[in-house]
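Please read the structure below before turning to the comments.
The values are calculated or read from the model by the stated rules, or taken from the named source; none is laboratory data. On a predicted model such as this, the values are computed, not experimentally measured, just so you know. Note: ideal-geometry Cβ built from the backbone for every residue, glycine included; neighbour counts use all protein chains shown.
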Amino acid sequence: MFNLNRIITLITVTLFMTACTSTPRPYQVSTWYKEGITKSVTNDKIGHCKVEVGASNLSQEQARKLVTYCMKADGYRLVTETKYR
């Protein structure tokens, strides 16, 4: 019985240590950026571009391309950064 408790304790400790030492997984996030413009104004501009290009009537790919053109035409650039979980 003593050996079983000891084995369970060792397995539990090992699992906790493994979870704590795991490497964070990277993922990428893309956001629109324009110098001096707040996130709120940027979100409003994205919405305006979606309406302007008629995104709801287009395929997702077509809408993405046209919204990208609209945002770039207004001086925004798409910035991609790597974050970790």
Residues of the range 42-82 classified as acidic (Asp, Glu), under 21 Å from the mean Cα position of the chain (by Cα) and assigned to a helix (DSSP H, G or I), total: 2
Residue match in the range 14-23 (condition: assigned to a strand (DSSP E or B) and either modelled with pLDDT of 95 or more or under 23 Å from the mean Cα position of the chain (by Cα) (or both)): no
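Answer yes if at least one residue in the range 41-54 is surrounded by fewer than 13 Cβ atoms within 10 Å (Cβ to Cβ), at negative phi and in contact with a helix residue (DSSP H, G or I) (Cβ under 7 Å, 6 or more places away or on another chain), and no otherwise. Spell out how you get there, then give the answer.
First, the residues of the range 41-54 that are surrounded by fewer than 13 Cβ atoms within 10 Å (Cβ to Cβ): 41, 43-44, 47, 51-52, 54.
This time we only want the ones that are at negative phi, so: 41, 43-44, 47, 51-52.
This time we only want the ones that are in contact with a helix residue (DSSP H, G or I) (Cβ under 7 Å, 6 or more places away or on another chain), so: 52.
For the range 41-54, residues surrounded by fewer than 13 Cβ atoms within 10 Å (Cβ to Cβ), at negative phi and in contact with a helix residue (DSSP H, G or I) (Cβ under 7 Å, 6 or more places away or on another chain): present.
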